[in-house]
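Asker: What follows is a structure written as structure tokens; I'll ask about it next.
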Amino acid sequence: MTLSRSPSWITHGRPQLGGGSGSRAPRLYQVARSVLRYHIEERRLPPGLILLEGRIADAFAMSRAPVRRALALLCDEDLIHRYDGRGYLVGPASPDVVPRNGDLRDFGLALPKPVAQSIGSFTWERIYAEVETQVVSCIPFGTYRVLESGICEHFRVSRTVAREVLNRLRDRALIEKDRHSHWIAGPLTSRALTEHFEMRRLLEPAALMSVAERLDRKMLIGMRDRLAEAEAGGGVVTPSLIDSFEEDLHVTCLLKAKNQRLVTTIIQNQLPFVTNSLFRRYISAESGGSLLPEHRIIFEHLIMGAPRAAAAGMVAHLEAAQSRTKARLKVLSLIPEPEPTLYLERVH
Amino acid sequence: MAGEDTVLRVLGTRETLLEPIRQLAERDLGLSINYEIADGTAAIRKAVTEPDKYDLCHHWHSVELAWTARSAQAIDLDRIALWDEVGDLAKTGRVNGAGEIGQGSVPVRSLYVQPNGALGAAPSEQISSLPTVHNVDSFGYDPVILKGLDDEEAESWSWLLDDRWRGKVALLGEPGIGSIDAALAVRSSGLAEFDDIGNMSLEEIDRLVEILIEKKRAGHFAGFWRIRPESVRLMDRREVVIESIWSPAITALRARGKKVICAAPIEGYRGWQCGMWLSANAEGPRLDASYAYLNWWLTGPAGAVMARQGYYMSALGPTNQHLSADEWGYWYEGKPAGDDMADPDGQVVVRAGEVRDGGSYWQRMSHVAVWNSVMDEHNYLVRRWNEFLRA
């Protein structure tokens, strides 16, 4: 099959709960947010009414994660405020507000019918990014079983949808079946990183040579100039800028290869990006360091029409990246394990 | 120069952040110094992830982690006046150019900053951390177990897994070095082979954890200690008769009148070297104060205090000048003590006539089987080790 979308850990940088997209339809948290905002602005939900994540999720027949995100955003807008650690109260914070309990449905809180129907006909795309992000975030911490039933329960989706999500994760080599036919994710080990990098050193220089002639010169110059600019600025760049540099070279350029088997295998071996994303998220938003000149030299060669030299630059870059990534994996040992979810069960 | 209101913030563990040293440094440097003591993983986590919270960090084997996280900044050797006094072990990995270099993270291999920004053993003008105290660790045992030994049975790491003392054994619970002690014990017992105990493979880690869990379920271990006072308590209350142990725990037990033998295992010791790194955030007066403190550590007084709890100092010459001839003879040269000797707190821990277990500095430090290590599969090891502790 063809994997058209680039992996979320590249395109979205830091993995976040509910991060990433993959669907043109409105995201669930956006639906929850706009429905709640409408009810608050129309004063259908009175000031002081207690808003609890679980009850809203029930009223909307959706999982808690999008509701949590919607509430946090409404709080940022000052439409609701934090209440005693238990949830939120409708309206801005004020000493005059009296907290009041009530069944949200009594206040007419419900999803508009078409939205409710579209949620009922959930597609795998809606939840894929969140599941992938969670799986990717946990694999440095051990071996996990990914539960189909847990996905159904957590997202309130059918088994067909859950299976579709699991198949996509398998296509990206993020999970595999063990001998008991359980879906297993992780562990992300130093050996796994070494193996992925060995594959990348075989595949990516070859892919680069195969696409070199077809790469747009203006695009290459633009990519080179952005790197040169970052270097001139002292090499200190934001994590999202580093992500975009990685995407320029390893996704935008390489995935133009015509050989779809090659493209699929490349994507399946870009897992090391996970380590770097988690490192930036938990430990340190790094500076660009030697990544910038390593990338730039590859573009210089492409622009000069020297694909073999560009491929050699790619080998050198991947060798350096391997030792950086393995060093970062060691540092991740300092991070406590993430909280379990309904669909990720720790094996060891 | 450091401003008068600069308070130097030093992070570390209780083994090196001793109050007598802090007072001596304040007196000699005219600085205010704050010691923040943290333990084990918490200390490393803070040191690596919060460089804005301290200026200097005394560490055991974690400079590589701090360097990767860019939490440490390079130390310029032209600002370390007594660098020439730092001994061979720190600069080459061997004492007097002799002896086995040992497996694992040999400290010199992460000492010098290389032209590409990585750390390596090739000398350069900058270092990642200033080598200070070092020593070899093994296990300690109550002389009572001598009764259960065969004639001329040599001290061996295998004793930690020996059924003769089942239920009376404790291990160090900290994953990074506790696992090395355990692997030395497993290998010496003939239960598993390891290509390199300082860099175990996934299969070796799995096998190690399996063996340990089996032993744990059979009631072999009385406990796992994380901080030194726990190891002292376990031995003092006779809850254990043999355990992984650090030198200051031996002196603490001796101060209480309890005799504990520090083993010199035939397989070799686990070696370690402590150093100090500069926080990436230290600058201006804090940076100047940090350099003053780094230099002061090489001048002798700190090395003398450290010697009295059994630790060796990288600057041997200046340390020698701050110890009595008798103290130098006992702690460094392996000679019988001419008189009673006190620990850093002033309590008598060595009686006249006693000889240090394992012999002289050169004998002990040239018998390192493996160094404290941060292995390639460190992350996996930590997770599996914690599983063993939970089992």
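Asker: Just the residues that are under 28 Å from residue A:153 (Cα atoms), within 22 Å of the chain's Cα centre (by Cα) and either facing chain B (nearest Cβ under 10 Å) or charged (D, E, K, R) (or both), please, taken from region A:311-348.
Answerer: Applying the first criterion (under 28 Å from residue A:153 (Cα atoms)) to region A:311-348 yields A:336-348.
From what's left, within 22 Å of the chain's Cα centre (by Cα): A:336-346.
The answer is A:336, A:337, A:339, A:345, A:346.
Asker: Next up: Looking for something under 19 Å from residue B:370 (Cβ atoms) and within 19 Å of the chain's Cα centre (by Cα) - is there at least one such residue anywhere in region B:198-213?
Answerer: Taking every residue of region B:198-213 in turn, at least one turns out to be under 19 Å from residue B:370 (Cβ atoms) and within 19 Å of the chain's Cα centre (by Cα).
Asker: Pick from region B:215-231 the residues that are surrounded by fewer than 19 Cβ atoms within 10 Å (Cβ to Cβ) and part of a loop (DSSP other than H, G, I, E, B): which of them is farthest from the other protein chains (Cβ to nearest Cβ)?
Answerer: The extreme case among them is B:219.
Asker: Moving on. Looking at residue A:140 and the list (1) closer than 24 Å to residue A:63 by Cβ; (2) modelled with pLDDT under 90; (3) crowded, with 21+ Cβ neighbours inside 10 Å, which single condition is not satisfied?
Answerer: Failed condition: (1).
Asker: What's the number of the condition residue A:280 fails, among (1) within 14 Å of chain B (Cβ to nearest Cβ); (2) surrounded by fewer than 22 Cβ atoms within 10 Å (Cβ to Cβ); (3) over 20 Å from the mean Cα position of the chain (by Cα); (4) in contact (Cβ under 8 Å) with a residue 40 or more places away in the chain?
Answerer: (3)
Asker: Filter region B:117-170 down to the residues that are assigned to a loop (DSSP other than H, G, I, E, B) and within 14 Å of chain A (Cβ to nearest Cβ), then identify the one that is nearest to the chain's Cα centre (by Cα). Full working, then the answer.
Answerer: Narrowing region B:117-170 to residues assigned to a loop (DSSP other than H, G, I, E, B): B:117-118, B:121-125, B:128-129, B:142, B:149-156, B:162, B:166-168.
Adding the requirement that they be within 14 Å of chain A (Cβ to nearest Cβ) leaves B:117-118, B:128.
Numbers: B:117: 26, B:118: 24, B:128: 18 Å.
Within region B:117-170, the match that is nearest to the chain's Cα centre (by Cα) is B:128.
Asker: Just wondering, is there one or more residues in region B:38-50 that are open to solvent by less than 40 Å² (accessible area, probe 1.4 Å) and more than 14 Å from chain A (Cβ to nearest Cβ)?
Answerer: No, that holds for no residue.
Asker: State all residues of region B:184-214 that are assigned to a helix (DSSP H, G or I), open to solvent by less than 60 Å² (accessible area, probe 1.4 Å) and without any contact (Cβ under 8 Å) to a residue 24 or more places away in the chain; if no residue qualifies, say none.
Answerer: Across region B:184-214, the qualifying residue is only B:204.
Asker: Take region B:84-94 and flag every residue that is in contact with a Lys or Arg (Cβ under 9 Å, 6 or more places away or on another chain) and open to solvent by less than 40 Å² (accessible area, probe 1.4 Å). Spell out how you get there, then give the answer.
Answerer: Step one: of region B:84-94, the residues in contact with a Lys or Arg (Cβ under 9 Å, 6 or more places away or on another chain) are B:88, B:93.
Once the filter is applied, which keeps residues that are in contact with a Lys or Arg (Cβ under 9 Å, 6 or more places away or on another chain) and open to solvent by less than 40 Å² (accessible area, probe 1.4 Å), region B:84-94 yields only B:93.
Asker: Go through region A:318-346 and report how many residues are free of Cβ contacts under 8 Å to residues at least 12 places away in the same chain and either among the hydrophobic types (A, V, I, L, M, F, W, C) or not in a helix (DSSP H, G or I) (or both).
Answerer: Of the residues in that region, 4 qualify.
Asker: Counting only residues that are over 27 Å from residue B:200 (Cβ atoms) and out of contact with any Phe, Trp or Tyr (no Cβ under 9 Å at 6 or more places or on another chain), which one in region B:92-116 is nearest to the other protein chains (Cβ to nearest Cβ)?
Answerer: Here the answer is B:116.
Asker: Could you check region B:62-113 and list, in sequence order, the residues that are among the polar types (S, T, N, Q) and either modelled with pLDDT under 95 or assigned to a helix (DSSP H, G or I) (or both)?
Answerer: Answer for region B:62-113, where residues must be among the polar types (S, T, N, Q) and either modelled with pLDDT under 95 or assigned to a helix (DSSP H, G or I) (or both): B:62, B:68, B:71, B:92, B:96, B:103, B:105, B:110.
Asker: With region A:62-173 as the region, which strands (runs of 3 or more DSSP E) entirely inside it contain at least 2 residues that are closer than 30 Å to residue B:202 by Cα? Give the derivation first.
Answerer: Working: elements: A:80-83, A:87-90, A:144-146.
Counting at least 2 such residues, we get A:144-146.
Asker: Continuing with this model, one more query. Show me the helices (runs of 4 or more DSSP H) found entirely inside region B:282-352 where at least 3 residues are farther than 17 Å from residue B:89 by Cβ.
Answerer: Values: elements: B:284-297, B:301-307, B:316-321, B:325-331.
So the answer is B:284-297, B:301-307, B:325-331.
Asker: List the residue pairs whose Cβ atoms are under 7 Å apart, where the first residue sits in region A:135-147 and is within 14 Å of chain B (Cβ to nearest Cβ), the second is among the small types (Gly, Ala, Ser) and open to solvent by 10 Å² or more (accessible area, probe 1.4 Å), and the two are 6 or more positions apart or on different chains.
Answerer: What qualifies is A:138/A:186; A:139/A:186; A:142/A:186; A:143/A:186; A:144/A:186.
Asker: What's the number of the only condition in (1) open to solvent by less than 50 Å² (accessible area, probe 1.4 Å); (2) under 30 Å from residue A:124 (Cβ atoms); (3) free of Cβ contacts under 8 Å to residues at least 60 places away in the same chain that residue A:111 fails to meet?
Answerer: Against the list (1) open to solvent by less than 50 Å² (accessible area, probe 1.4 Å); (2) under 30 Å from residue A:124 (Cβ atoms); (3) free of Cβ contacts under 8 Å to residues at least 60 places away in the same chain, residue A:111 comes up short only on (3).
Asker: With the requirement that a residue be among the aliphatic types (A, V, I, L, M), assigned to a helix (DSSP H, G or I) and open to solvent by less than 50 Å² (accessible area, probe 1.4 Å), what does region A:301-314 give you? Working first, answer last.
Answerer: If we filter region A:301-314 for residues that are among the aliphatic types (A, V, I, L, M), which is where we start, we get A:302-304, A:306, A:309-312, A:314.
Now drop any that are not assigned to a helix (DSSP H, G or I), which leaves A:302-303, A:309-312, A:314.
Result: A:302, A:303, A:309, A:310, A:311, A:314.
Asker: Would you say residue A:308 is over 30 Å from residue A:135 (Cβ atoms), touching a residue at least 24 places away in the same chain (Cβ under 8 Å) and not acidic (Asp, Glu)? Outline the logic, then answer.
Answerer: On the way: over 30 Å from residue A:135 (Cβ atoms): yes; touching a residue at least 24 places away in the same chain (Cβ under 8 Å): yes; not acidic (Asp, Glu): yes.
Yes.
Asker: Considering only residues that are of a type in the set (Asp, Glu) and open to solvent by 70 Å² or more (accessible area, probe 1.4 Å), which ones fall in region A:317-348? Spell out how you get there, then give the answer.
Answerer: Step one: list which residues in region A:317-348 are of a type in the set (Asp, Glu), which gives A:319, A:337, A:339, A:345.
A:319, A:339, A:345, listed by residue number.
For (1) without any contact (Cβ under 8 Å) to a residue 12 or more places away in the chain; (2) crowded, with 19+ Cβ neighbours inside 10 Å; (3) farther than 20 Å from residue A:327 by Cα, each residue gets a yes or a no:
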{"residue": "A:175", "(1), (2), (3)": "no, yes, yes"}
{"residue": "A:180", "(1), (2), (3)": "yes, no, yes"}
{"residue": "A:186", "(1), (2), (3)": "no, yes, no"}
{"residue": "A:193", "(1), (2), (3)": "no, yes, no"}
{"residue": "A:222", "(1), (2), (3)": "yes, no, yes"}
{"residue": "A:241", "(1), (2), (3)": "no, no, yes"}
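The values are calculated or read from the model by the stated rules, or taken from the named source; none is laboratory data. Every value quoted in this text rests on a predicted model; they were computed, and no experiment measured them. Neighbour counts are summed over all protein chains in view; Cβ atoms, including those assigned to glycine, are modelled from backbone coordinates with ideal geometry. What goes into the accessible areas is simple: the full protein's heavy atoms, side chains included, and nothing from ligands, DNA or RNA. Shrake-Rupley method; radii C 1.70, N 1.55, O 1.52, S 1.80 Å.
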